[in-house]
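Written below as structure tokens is the structure these notes are about.
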Amino acid sequence: MDWYNLSVKEIEKKLNTNQKHGLKRENAKRLLDKFGKNVIIKDKKKSLAKRFFEQLSDFMVIILLFAAGISFISSFWEGKDDYIDTIVIVFIVLLNAVIGVLQESKAEKAIDALKKLSAPKATVIRGLKEKKIPSEEIVPGDVLVLSAGDYIAADARLFKSYNLKVEESSLTGESFYVEKGPGIVALNNAPISSQKNMVFASSTVTSGHALAIAVETGMKTQVGKIAHIINKVSPSQTPLQKNLSQMGKILGISALIICFIIFVFGIFQKAPIMEMFMISISLAVAAIPEGLPAIVTIILSLGVRIMARHKSIIRKLQAVETLGSVSVICSDKTGTLTRNKMTVVALATDKKIQNSDSENALFMLSLASLCNNSAEQKSPWGTITSGDQTEVAIIRALENANVKKTDLQKKFPKILEIPFDSKRKLMTTVHRLGNHKYRVITKGAPDVLLPLCVKLKHSDNASCASFQKVKKMNEAMASEGLRVLAVSYKDTNSIPKGEGDAERNLTFAGLIGMTDPPRPEAEEAVFKCKSAGIKPVMITGDQLTTAKTIAKKLKIFKTGDLAITGKELDTINQKELTENIHNYSVFARVSPEHKVRIVKSFQAREEVVAMTGDGVNDAPALKASDVGCAMGLSGTDVAKSAADMIMTDDNFSTIVEAIRQGRRIYDNIKKTIYFLISSNIGEVVTVLTSSLMHLPTPLLAIQLLWVNLVTDSFPALALGVEPTEKDIMKKNPISKKQGLFASGAAQSMALEGAFIGAISFLAFTTGRVFFDTTNEPIIGRTMAFVVLSLSQVFHVLNVRSEKSIFRSNIFSNKKIIYSFIICIFLQFSVVGFPRISKYFKTANLDIHQWAIVTILSLSPLIIVEIEKFFKNRDSSKIHLTASASVKSSF
């Protein structure tokens with residue numbers, strides 16, 4: 001239907017709604033049942049069966065199943081009844097697939113739950129009351145209340161607006177802002193770009209305010225009609241997942257080459273071809289951690305859920321990886337470093353007004369209350385004032401003087417508004433006085449507003465000296481850490497034509513000083529940042545003097561640091577800013593463009609930048625930063641959409657906690673990869689050494705697959721939920737250039753893996769030479785099998801911390817203990833219980849053999865403990881030097 005062709009009255013009649021009252025609650029519920037939820041239907045989720053078969057589609061799994069098939073055919077052809085190899089291989093593959101499906105489903109549920117937390121909300125009028133509801137509950141006929149920064153949740157027809165501008169690039173492809181307003185568009189088949197009285201779902205309000213009636217929801221919206229295009233876009237992998245996939249390919253090729261070598265050597269040794277084929281294939285699967293990308297995704301997803309408990313909603317998985325590398329936090333002042341609980345504590349002209357009930361005080365508060373978008377709403381707990389905290393503080397100060405904003409609005413109705421703009425740093429409203437006269441009220445930054453004034457209300461003298469006194473008073477109030485607003489006005493005989501006409505020849509009315517004390521936890525969070533090698537930077541639209549005062553209290557700004565304003569930034573080119581960027585700790589009176597410049601300068605110096613933001617104009621800086629952090633309480637929908645992370649409490653300490661969790665998750669992923677690859681190296685070394693020495697195969701295919709399942713899956717997943725190490729925020733950020741196994745980790749991983757392989761081969765040789773009485777080395781294989789499995793289980797204790805096990809709490813991660821107990825019990829079962837051991841072709845070991853196996857299995861733990869002792873002794877000296885450096889920065 002061409003809604004743009006209809007009048008508002010016709011739309012009200014068709015949708016059975018009212019532009020003043022909105023829908024009734026019962027009508028809204030009935031319409032929701034009729035039209036369904038206001039959501040874009042996405043592709044159906046994969047069925048369990050499809051997920052299961054996807055687990056079996058891995059290249060190496062297919063080879064393994066192929067090998068099982070050949071083993072079955074071979075046994076059948078030779079007339080043997082021994083199908084154990086085939087049955088066990090298929091069982092292990094299927095079990096791995098089931099575990100994969102369960103973990104994938106668990107991770108997906110965690111992500112879905114977080115999506116619901118970060119889902120946009122919309123403001124509607126229902127039953128004469130303004131209320132916020134989930135955007136999915138909007139129905140045709142709802143009256144939408146739109147403000148700057150809002151996502152438009154449905155296609156809607158405007159019936160009232162103030163300087164409304166909308167960004168519709170998601171529909172039209174045009175990036176410029178479109179002016180909108182009520183009225184009928186007298187065109188047939190008008191394109192979207194010509195429907196000036198309509199706003200569309202997925203668009204955003206960039207400035208102004210409006211009221212509109214929702215006419216289409218869900219799949220019937222304009223964006224719903226192109227939903228099939230959106231659904232074709234597949235989710236991208238995170239950088240870490242891409243790196244792991246690449247690493248998997250390299251390992252895969254390497255393993256296949258090794259397997260080919262083993263197979264060829266086996267042929268030369270005249271070993272049975274089928275046996276060598278099975279060994280080669282199973283070794284390939286054991287050597288490659290094919291489940292690694294899935295395990296990493298699971299760890300990331302579970303980490304995201306844990307971070308949500310700490311008031312950080314992660315919108316993009318790669319943000320979790322990047323958080324561990326953050327080296328600079330560019331934070332807004334108001335509400336993030338401070339409480340965002342503004343209170344008017346000072347009123348002034350060119351001197352402070354002692355009596356808040358005086359004529360000058362009431363006049364300037366009345367003007368500021370009229371030029372104000374905060375609203376009063378009745379609730380069971382009384383009247384609640386909602387809106388920007390600066391404006392709310394002004395309303396409360398006026399109410400303390402027994403004057404209500406609602407009474408002023410009735411007396412001086414608003415007829416025009418020029419909304420606050422971060423570039424102008426001003427807001428202007430026009431009010432009807434009667435007798436065809438109008439009052440223009442402008443409030444905003446003193447340094448911007450004062451040059452627009454030609455008179456002072458409190459003085460007939462408008463000399464430069466008088467204005468100089470006002471400027472000094474502004475400086476004095478700002479030096480006390482107050483946020484200062486200037487208020488001005490003028491009376492005219494006509495409605496101004498635009499901001500140029502309205503915001504000139506004004507009369508200065510006064511200064512309003514508000515206090516917004518620092519959050520009590522912010523100073524501690526700043527200390528944690530500096531201890532962790534992270535530079536905290538304050539970026540604010542407030543005055544430089546106010547910003548420096550707060551920054552000094554929080555220890556962000558110290559002796560030797562520099563502070564700069566946006567105006568001064570304009571005189572510096574990008575190269576000069578980049579060269580000196582580390583000297584600055586405070587940026588004041590900055591615009592959105594300045595924020596982007598600041599972020600890019602830090603990034604040019606190889607820093608990883610986290611940026612906070614809440615407004616529409618913060619979106620470019622949030623996107624430009626490595627981790628964009630939007631405010632959950634005060635943030636606009638546009639800011640939240642551009643961000644990688646949403647802080648539900650708008651608190652600086654939440655960012656610091658998110659970085660701590662990001663480092664933990666990254667560390668756990670690194671530990672998991674280290675454990676899996678070092679363990680797999682041990683398996684390869686054992687079999688390859690035996691083949692090169694023309695010895696019987698030390699491990700059968702079934703035994704290798706069992707080791708892979710037992711020692712890989714359970715401990716690896718347990719490592720993924722390892723708790724945060726106490727000193728994690730005393731280390732420097734992870735360099736974005738640093739690989740997963742830098743600083744000698746790759747060598748340690750290879751050596752530890754080789755050592756596990758060596759002791760497994762030693763166990764095989766010991767059993768074969770001293771205990772086996774036949775040509776079939778069954779005891780040697782059993783001993784190698786047990787040592788390979790148990791040494792990897794003990795190796796988990798090595799990998800979980802750089803500290804000695806005697807200096808760390810072994811029981812801090814109960815899942816490690818559970819996996820430890822389960823793996824040891826299962827390994828004893830396949831050796832000690834005859835009914836099970838016959839399937840794995842193992843022998844029951846005597847006490848002497850168990851003693852040898854136990855000593856060999858524990859040896860990696862002992863060797864790595866010695867290695868840690870020398871490493872930690874050397875690093876402790878470096879740590880003492882670093883600690884002294886941090887303390888000196890305060």
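Annotations
- Criterion applied to 867, 802 was being open to solvent by 80 Å² or more (accessible area, probe 1.4 Å) and acidic (Asp, Glu), and the one residue passing it is 802.
- Residue list for region 652-662, restricted to those being open to solvent by 10 Å² or more (accessible area, probe 1.4 Å) and in contact with an Asp or Glu (Cβ under 9 Å, 6 or more places away or on another chain): 653
- Given (1) more than 20 Å from residue 640 (Cβ to Cβ); (2) open to solvent by 40 Å² or more (accessible area, probe 1.4 Å); (3) not aromatic (Phe, Trp, Tyr), number of the condition residue 169 does not satisfy: (1)
- Top-ranked residue in region 620-641 [being surrounded by 24 or more Cβ atoms within 10 Å (Cβ to Cβ) and modelled with pLDDT under 85; ranked as nearest to the chain's Cα centre (by Cα)]: 640
- Tally, over region 178-203, of residues that are in a strand (DSSP E or B) and closer than 22 Å to residue 126 by Cα: 2
- Residues within region 766-779 that are modelled with pLDDT under 95 and of a type in the set (Ser, Thr, Tyr), tallied: 2
- Against the test of being among the aliphatic types (A, V, I, L, M), open to solvent by 10 Å² or more (accessible area, probe 1.4 Å), modelled with pLDDT of 90 or more and under 24 Å from residue 544 (Cα atoms), the options 344, 328 yield a single qualifying residue, 344.
- Members of region 590-605 that are open to solvent by less than 30 Å² (accessible area, probe 1.4 Å) and outside any helix (DSSP H, G or I): 590, 591
- Every listed requirement among (1) among the charged types (D, E, K, R); (2) open to solvent by less than 100 Å² (accessible area, probe 1.4 Å); (3) modelled with pLDDT of 90 or more is met by residue 82 save one, (3).
- Note on region 674-780: enclosed helices (runs of 4 or more DSSP H) holding 2 or more residues that are open to solvent by 20 Å² or more (accessible area, probe 1.4 Å) and of a type in the set (Ser, Thr, Tyr) are 745-766.
- Residue within region 575-594 that is closer than 22 Å to residue 324 by Cα, in contact with a His (Cβ under 9 Å, 6 or more places away or on another chain) and touching a residue at least 40 places away in the same chain (Cβ under 8 Å) present: no
Condition check ((1) modelled with pLDDT under 75; (2) farther than 23 Å from residue 219 by Cβ) across all residues:
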position: 14; (1), (2): no, no
position: 32; (1), (2): no, no
position: 59; (1), (2): yes, yes
position: 73; (1), (2): no, yes
position: 88; (1), (2): yes, yes
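- Contacts under 9 angstrom Cβ, first residue in region 673-699 being closer than 17 Å to residue 710 by Cβ and in contact (Cβ under 8 Å) with a residue 12 or more places away in the chain, partner small (Gly, Ala, Ser) and in a loop (DSSP other than H, G, I, E, B), 6 or more apart: 676/291
- Test: residue in region 829-840 that is in a helix (DSSP H, G or I), within 23 Å of residue 720 (Cβ to Cβ), touching a residue at least 60 places away in the same chain (Cβ under 8 Å) and open to solvent by less than 30 Å² (accessible area, probe 1.4 Å): no
- Residue match in region 506-521 (condition: out of contact with any Ser or Thr (no Cβ under 9 Å at 6 or more places or on another chain) and open to solvent by 20 Å² or more (accessible area, probe 1.4 Å)): yes
- Residues of region 405-426 that turn out to be touching a Phe, Trp or Tyr at 6+ places or on another chain (Cβ under 9 Å) and either surrounded by fewer than 15 Cβ atoms within 10 Å (Cβ to Cβ) or under 16 Å from residue 395 (Cα atoms) (or both), as a count: 1
- Scanning region 19-55 for residues that are in contact (Cβ under 8 Å) with a residue 60 or more places away in the chain, out of contact with any Gly (no Cβ under 9 Å at 6 or more places or on another chain), farther than 21 Å from residue 181 by Cβ and open to solvent by less than 70 Å² (accessible area, probe 1.4 Å) yields a single hit, 32.
- Residue in region 122-131 that is open to solvent by 50 Å² or more (accessible area, probe 1.4 Å), in contact with a Ser or Thr (Cβ under 6 Å, 6 or more places away or on another chain) and basic (Lys, Arg) present: no
- Test: residue in region 275-291 that is of a type in the set (D, E, K, R), modelled with pLDDT of 70 or more and over 21 Å from residue 57 (Cβ atoms): no
- In region 366-416, residue modelled with the lowest pLDDT [restricted to those that are aliphatic (A, V, I, L, M) and within 16 Å of residue 129 (Cα to Cα)]: 384
- Within region 490-529, being of a type in the set (Val, Ile, Thr) and part of a strand (DSSP E or B) holds for 492, 507, 512, 515.
- Meets criteria (open to solvent by less than 20 Å² (accessible area, probe 1.4 Å) and part of a strand (DSSP E or B)) for residue 487: yes
- Strands (runs of 3 or more DSSP E) lying entirely in region 410-471 (those with 2 or more residues that are out of contact with any Lys or Arg (no Cβ under 6 Å at 6 or more places or on another chain) and closer than 21 Å to residue 205 by Cβ): 414-421, 426-434
- Test for residue 580: is it at pLDDT 90 or above and open to solvent by 10 Å² or more (accessible area, probe 1.4 Å): yes
- Region 811-828, residues that are open to solvent by 20 Å² or more (accessible area, probe 1.4 Å) and farther than 16 Å from residue 717 by Cβ: 811, 812, 824, 825, 828
The values are calculated or read from the model by the stated rules, or taken from the named source; none is laboratory data. Quantities reported herein were computed from a predicted structural model and do not represent experimental measurements. No Cβ is skipped: glycine too gets one built from the backbone with ideal geometry, and neighbour counts run over all protein chains shown. To get the accessible areas, we keep the full protein, side chains included, count just its heavy atoms, and leave off ligands, DNA and RNA. Shrake-Rupley method; radii C 1.70, N 1.55, O 1.52, S 1.80 Å.
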